[in-house]
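Presented below is the structure to which this report refers.
What follows draws every value from the coordinates through simple rules; no lab data is involved. Just so it is clear, the model here is predicted, and its values are computed rather than measured.
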Amino acid sequence: DQRPVVDAAQTHKREKKTLVTSKQNSRTTMSAENDPAVAAEPEVEEDEEDLEKLQAEIARMEAEAARIAQETEDLEKETTSSSGGAGASTASAAGNKGKSGEGVASATGDKANTDGHSIYVGQVDYSTTPEELLSHFESCGTVERVTIVCDKFTGRPKGFAYLEFQVS
């Protein structure tokens, strides 16, 4: 009977010692967290690095905006001087041209001219190839371009096409 009482007393002493040690460790940790000199140094350095990165990014973006504004101004001057005042429609077409060289028709007349030589073909079988359409419409004139319209997500044909004929 006496043995369990001794064990209980020893266990209580161990728990009390562990609790005291734990409190001392937490005081040490808390004092380091609450000391502004110790805790603030890494945060200040990190904030300064972030600030420098943001300022560099802002400077880069401002330089890019200035470059784009200059290119836009140059394009507007170029189109105004070459067209003699057809400004808005020509400028928008020149702005769409881009650096890739793929241009939209440079003036409304060119687009109307192209549209005047194009046809819509409906009820096109889903397995039809551009070559088959080309050979079928060869008797109508020289076909310059065949476009079978496809769904942008699946890539499957939608069942219609456009044919552009060469101007003779």
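Amide H neighbours of ARG145 under 5 Å, counting only residues 5+ apart in sequence or on other chains, H built in-plane at 1.01 Å?
Those qualifying (amide H under 5 Å, at least 5 residues apart or on another chain) are GLU164.
Can you list residues from other chains, or at least 5 along the same chain, whose modelled amide H is less than 5 Å from the amide H of LYS158?
Residues meeting the amide H criterion: VAL149, CYS150, ASP151.
Which whole-Hz ³J(HN,Hα) couplings does the range 120-137 yield from phi under the Karplus relation 6.51 cos²θ - 1.76 cosθ + 1.60, θ = phi - 60°, glycine and proline marked x?
3J(HN,Hα) across the range 120-137, in whole Hz: 9, 10, x, 6, 7, 4, 5, 9, 5, 9, x, 5, 5, 5, 4, 5, 5, 9.
Stretch THR80-LYS158 to full length: gain in nm at 0.36 nm per residue minus the Cα-Cα span?
Details: separation 78, 0.36 × 78 = 28.08 nm, distance 4.08 nm.
Extra length available between THR80 and LYS158 comes to 24.0 nm.
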